[in-house]
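The values are calculated or read from the model by the stated rules, or taken from the named source; none is laboratory data. The model shown is predicted, which means the values in this text are computed figures rather than measured ones. When we count neighbours, we look across all protein chains shown, and the Cβ atoms used for this are built from the backbone with ideal geometry, even at glycine. Calculation scope for accessible area: heavy atoms of the full protein, side chains included, ligands and nucleic acids excluded. Shrake-Rupley method; radii C 1.70, N 1.55, O 1.52, S 1.80 Å.
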Amino acid sequence: MEKKIAAIVQKFTEAAQTASDSASIERLRVAFLGKKGEIAELMKDLKSVPAEQKKEFGQKINQLKKDVEGRLNDLTEAVAQKELEVLIHSAECYDVTMPSMVETGSYHPITLVQRELEDIFAAMGFTIEDYDEIVDDYHCFEALNIPKHHPARDMQDTYYLDNGQLLKTHTSAAQNAIMRKYGAPLRAIFPGRCFRNEAIDACHENTFFQMEGIMIDKDISISNLIYFMKTMLSEVFQRDVQVRLRPGFFPFVEPGFELDISCQVCGGTGCPSCKNSGWLELCPCGMIHPNVLTAGGIDPEEYTGFAFGLGLTRLAMMKYGVKDIRTFNSGNLKALSQFESL
Ligand code: FA5
């Protein structure tokens, strides 16, 4: 027994000299103190020792166990200290006093334009409303004087759900609900995402943003409409931009107009962003049709109003000189994060 103890001491001493990292120390711990380790085996041998020597050898084995534990702890501490020093002097070390390098996000350009418009219209007494993206046929079409089988529906094919609901094709889909919510007089804008089954190109997306605006009161006329459109554009662009107003047909306004903006990408000479026309359809508008007021619970004999449906994504294109509308939904952070940091 004496010899065995001496042999283990020597074996451990030699092994401990080469243990230079935490992994090798752990291996040592298992080899000597583990359930099947050297000291556990020694304990088994104790059974065959004569009874009068058991106490003496038992104490010796316990002392050996304590020594091995103590030495392993010392080794662990020394190695941890060494590893820490290596870390401190390596490239991986951290200096908590260094200024933070955390990257901040940035607002999407459409969010920036939307918020700017919200501020402009809020300052002119308009309330800002939110509305669903999934709507029913009544709100998207029927309440807007577009009965089933009306040819105007062809211009706004969209994505239908099995239950008959659809992804809204225009923010006008909220007009009826908002008229019913507030009644007249009323000034509201309602930005939102729209969806169309569309042939995609540099100025057409299948998913894009519009911002609708309606103003209903006594004696509202086209002059009011033109005033608000002019104010909006001069505030957004902060410079003179050329616009043109031409007749346009939408069943929910009468008369109706197309408001086009001179292409800010090519300066009006013609490019793919404006389909080579020099102009971009931006904000159709008109005087709300009496049928639409009636459907919204407002008496058209007493009140009149205007409505406009601004192409928010196209406005962002024009404001920031983005050549291709597909950039906005691309997820390309290099392109999208350059406008304004949070
Ligand atoms: C409408 O959606 C009408 N609801 C607008 C309206 C409202 C008229 C109130 C009168 C009164 P239009 O389909 O033209 O109309 O779309 C309005 C604007 O949304 C367009 O001028 C354009 O700027 C933008 N737009 C339309 N389709 C797309 C598209 N596929 N991709 C990007 N922008 C689009």
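Results, tabulated for the structure shown:
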read-out: Pairs with Cβ under 8 Å, 6+ apart, first in region 138-159 and farther than 18 Å from Ala174 by Cα, second aromatic (Phe, Trp, Tyr) and open to solvent by less than 20 Å² (accessible area, probe 1.4 Å); value: Lys148/Phe141; His150/Phe141
read-out: Any hit, region 221-233, residues being within 13 Å of the ligand (Cβ to nearest atom), aromatic (Phe, Trp, Tyr) and within 27 Å of Asn276 (Cα to Cα); value: no
read-out: Sole exception among (1) open to solvent by 10 Å² or more (accessible area, probe 1.4 Å); (2) of a type in the set (S, T, N, Q); (3) in contact (Cβ under 8 Å) with a residue 24 or more places away in the chain for Thr269, by number; value: (3)
read-out: Condition met for Ile261 (of a type in the set (Val, Ile, Thr), within 14 Å of the ligand (Cβ to nearest atom) and farther than 23 Å from Cys203 by Cβ); value: no
read-out: Counted residues, region 314-337 - those being more than 17 Å from the chain's Cα centre (by Cα), surrounded by fewer than 23 Cβ atoms within 10 Å (Cβ to Cβ), of a type outside the set (Gly, Ala, Ser) and within 15 Å of Val113 (Cβ to Cβ); value: 4
read-out: In region 107-129, the residues that are part of a helix (DSSP H, G or I) and among the acidic types (Asp, Glu); value: Glu116, Glu118, Asp119
read-out: Qualifying position, being over 17 Å from Ile39 (Cα atoms), at pLDDT 90 or above and open to solvent by 60 Å² or more (accessible area, probe 1.4 Å), among Glu77, Glu85, Glu52; value: Glu77
read-out: Meets criteria (within 14 Å of the ligand (Cβ to nearest atom) and in contact with a helix residue (DSSP H, G or I) (Cβ under 6 Å, 6 or more places away or on another chain)) for Ile189; value: yes
read-out: Looking only at region 222-244, and only at residues there that are among the basic types (Lys, Arg) and at pLDDT below 90, the one that is least open to solvent (accessible area, probe 1.4 Å); value: Arg239
read-out: Answer residue from region 16-38, given it is farther than 24 Å from Glu85 by Cβ and part of a helix (DSSP H, G or I) and is least open to solvent (accessible area, probe 1.4 Å) among those; value: Phe32
read-out: Count of region 283-335 residues which are more than 10 Å from the ligand (Cβ to nearest atom) and under 20 Å from Ala174 (Cα atoms); value: 13
read-out: Qualifying positions in region 187-201 - open to solvent by less than 10 Å² (accessible area, probe 1.4 Å) and either assigned to a loop (DSSP other than H, G, I, E, B) or not small (Gly, Ala, Ser) (or both); value: Ile189, Phe190, Cys194
read-out: Residues of region 273-282 satisfying the condition of being near the ligand (Cβ under 9 Å from one of its atoms) and either outside the structural domain of Glu142 (by TED's automatic domain parsing) or in contact with a Leu (Cβ under 9 Å, 6 or more places away or on another chain) (or both); value: Glu281, Leu282
